[in-house]
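For reference, the structure discussed in these notes is given below.
The values are calculated or read from the model by the stated rules, or taken from the named source; none is laboratory data. Please read these numbers as outputs of a predicted model, since none were measured by experiment. Cβ sites come from the backbone with ideal geometry, for glycine too, and all protein chains shown count toward neighbours.
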Amino acid sequence: MTIQQTKQDILDQLQQLFLDAGYSVPELVNYIYQLEQQNTLLTEQLKKEKTAVRRQSGTTYARSSMNSRLKDALRE
């Protein structure tokens with residue numbers, strides 16, 4: 001699948017596979033929904049972690065910048 005498909009397209013294709021096979025596996029659909037929820041949670045957590053790292057890096061940069069200014073002032 002090189003073309004990104006929507007969730008509904010994939011579920012429709014899965015439903016068609018079930019019809020063609022003559023049986024369905026509802027656990028598979030439930031598992032797909034669980035994976036989607038887990039993916040959403042992990043994506044949100046990753047965004048929060050990235051934001052925290054950016055904040056921390058910005059603070060560290062500001063401190064090192066101030067320290068170098070302070071050092072320069074003390075040298076003079």
Restricting the stretch 1-16 to residues that are closer than 19 Å to THR40 by Cα and not in a helix (DSSP H, G or I), which is modelled with the highest pLDDT?
THR6
All positions within the stretch 20-38 that are out of contact with any helix residue (DSSP H, G or I) (no Cβ under 6 Å at 6 or more places or on another chain) and either modelled with pLDDT of 95 or more or not aliphatic (A, V, I, L, M) (or both)
ASP20, GLY22, TYR23, PRO26, GLU27, ASN30, TYR31, TYR33, GLN34, GLU36, GLN37, GLN38
Those residues that are surrounded by 10 or more Cβ atoms within 10 Å (Cβ to Cβ) and either small (Gly, Ala, Ser) or in a loop (DSSP other than H, G, I, E, B) (or both), I need them from the stretch 17-42; list them, please.
SER24, VAL25
